[in-house]
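The structure appears below as structure tokens.
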Amino acid sequence: MECRVLSIQSHVVRGYVGNKSATFPLQVLGFEVDSINSVQFSNHTGYAHWKGQVLTAEELNVLYEGIKLNKVNHYDYILTGYSRDTSFLEMVVDIIQELKKANPSLVYVCDPVMGDHGAMYVPENLLPVYRDKVVPLADILTPNQFEAELLTGRKINTQQDAVEVMDLLHKMGPETVVLTSTDLPSKHGDQFLVALGSQKIVKPDGTNSSQKICMDIPKVDAVFVGTGDLFAAMLLAWTHHHPRDLKTACEKTVSVMHHVVKRTITYATEMAGPGKRPSPAQLELRMVQSKADIENPAIVVEAKVL
């Protein structure tokens, strides 16, 4: 049975971010991917120069109408990432509601991209749209710590806070929540990043149980772009293959990330030369070169069940 994903994200001509970061890995893992590009830029905005176009809510609607008129608007998954405009995001909400009506078992994977390290990099008026309209529709949510705090109005200072915030997010709608990065200290020292996940499982007898996990992820000293988009796409893929096993899905997701990032930093450092910091172009994810790792990642990060 083929599995089809509608991915509404940004697109770059050169490099890997948004749909460019999500499509190839999903295809490698056997998914059909239909992409709507929310922006089309020459490259990501971390370069010195970038040019391009932004899709309006009206243009998004026109594209979706075309899909609908041909009666090919049946999807198993929807994946969304960065959006910078409320009318666009509200149109996305309308499309998701319609597709969920057409296929009640559709799974919506949402990366609520709003900011990081205490600062928002989208307009503040996107927050209520995410909180009140988007998150209630999401089945799988992948915020970082700052985004989870914004959505719940709760600060995370301890692991217990993180668990409570994930429970609050469950109450808002999503069955699976993964905090992709936090500022919590790792038992392994400051060279590691702590991520946490929680999955609500309804047992055959109707009772609820949940699986909560924690991961210590090795840090790499460089700024990568497109890793969050890759994370959300891989979590979609691996939760599809391991629907009731968040531990395995997260281990495979994080291990794919680790292999891609390691290959990227090795290449970038070599290209930059001794003692020089790699450029944004040199730090573009080595996605095609990581095909084998995407298909069958050697597990390098083990998740602990809380």
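The values are calculated or read from the model by the stated rules, or taken from the named source; none is laboratory data. Being a predicted model, the structure only gives us computed values, none of them experimental. Cβ atoms come from the backbone with ideal geometry, glycine included; neighbour counts cover every protein chain shown. Only protein heavy atoms, including side chains, enter the accessible area calculation; ligands, DNA and RNA are left aside. Shrake-Rupley method; radii C 1.70, N 1.55, O 1.52, S 1.80 Å.
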>> Out of Val12, Val5, I need the residue that is surrounded by 15 or more Cβ atoms within 10 Å (Cβ to Cβ), β-branched (Val, Ile, Thr) and over 16 Å from Ile96 (Cα atoms). Which one?
In response: Val12
> Can you name every residue in segment 116-139 that is closer than 19 Å to Leu230 by Cβ and open to solvent by less than 10 Å² (accessible area, probe 1.4 Å)?
Replying inline: Ala138
> Applying the selection to segment 53-72, what residues are among the hydroxyl-bearing types (Ser, Thr, Tyr) and touching a strand residue (DSSP E or B) at 6+ places or on another chain (Cβ under 8 Å)?
Replying inline: Tyr64
> Looking at this structure, is Asp190 among the acidic types (Asp, Glu), out of contact with any helix residue (DSSP H, G or I) (no Cβ under 8 Å at 6 or more places or on another chain), assigned to a loop (DSSP other than H, G, I, E, B) and closer than 22 Å to Phe146 by Cβ?
Replying inline: yes
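Does at least one position in segment 273-287 carry a residue that is surrounded by fewer than 17 Cβ atoms within 10 Å (Cβ to Cβ) and of a type in the set (A, V, I, L, M)?
For segment 273-287, residues surrounded by fewer than 17 Cβ atoms within 10 Å (Cβ to Cβ) and of a type in the set (A, V, I, L, M): present.
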>> Step by step: first the residues of segment 194-208, then only those that are modelled with pLDDT under 95 and of a type outside the set (Lys, Arg), then the one that is most open to solvent (accessible area, probe 1.4 Å). Which residue is that?
In response: Pro204
> Can you list the strands (runs of 3 or more DSSP E) found entirely within segment 1-97 that contain at least 1 residues being hydroxyl-bearing (Ser, Thr, Tyr) and within 16 Å of the chain's Cα centre (by Cα)?
Replying inline: 4-12, 32-41, 77-80
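Among Arg263, Arg244, which is open to solvent by 50 Å² or more (accessible area, probe 1.4 Å) and not in a loop (DSSP other than H, G, I, E, B)? If you could, list the steps in order and put the result at the bottom.
Details: Arg244 fails: not in a loop (DSSP other than H, G, I, E, B).
Residue meeting the stated conditions: Arg263.
Determine which member of the set Tyr121, Tyr75 is in contact with a strand residue (DSSP E or B) (Cβ under 6 Å, 6 or more places away or on another chain) and without any contact (Cβ under 8 Å) to a residue 12 or more places away in the chain. Let's see the steps before the verdict.
Numbers: Tyr75 fails: without any contact (Cβ under 8 Å) to a residue 12 or more places away in the chain.
Just a single option satisfies the conditions, and that option is Tyr121.
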> Within segment 170-184, can you find the residues that are among the aliphatic types (A, V, I, L, M) and either assigned to a loop (DSSP other than H, G, I, E, B) or surrounded by fewer than 24 Cβ atoms within 10 Å (Cβ to Cβ) (or both)?
Replying inline: Met172, Leu184
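One line per residue, one yes/no per condition, for (1) touching a Lys or Arg at 6+ places or on another chain (Cβ under 6 Å); (2) within 22 Å of Val107 (Cβ to Cβ); (3) not in a helix (DSSP H, G or I):
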{"position": "Ile213", "(1), (2), (3)": "yes, yes, yes"}
{"position": "Ala222", "(1), (2), (3)": "no, no, yes"}
{"position": "Thr239", "(1), (2), (3)": "no, yes, no"}
{"position": "Ala281", "(1), (2), (3)": "no, no, yes"}
> For residues in segment 99-115 being open to solvent by 10 Å² or more (accessible area, probe 1.4 Å) and in contact (Cβ under 8 Å) with a residue 40 or more places away in the chain, which is nearest to the chain's Cα centre (by Cα)?
Replying inline: Asp111
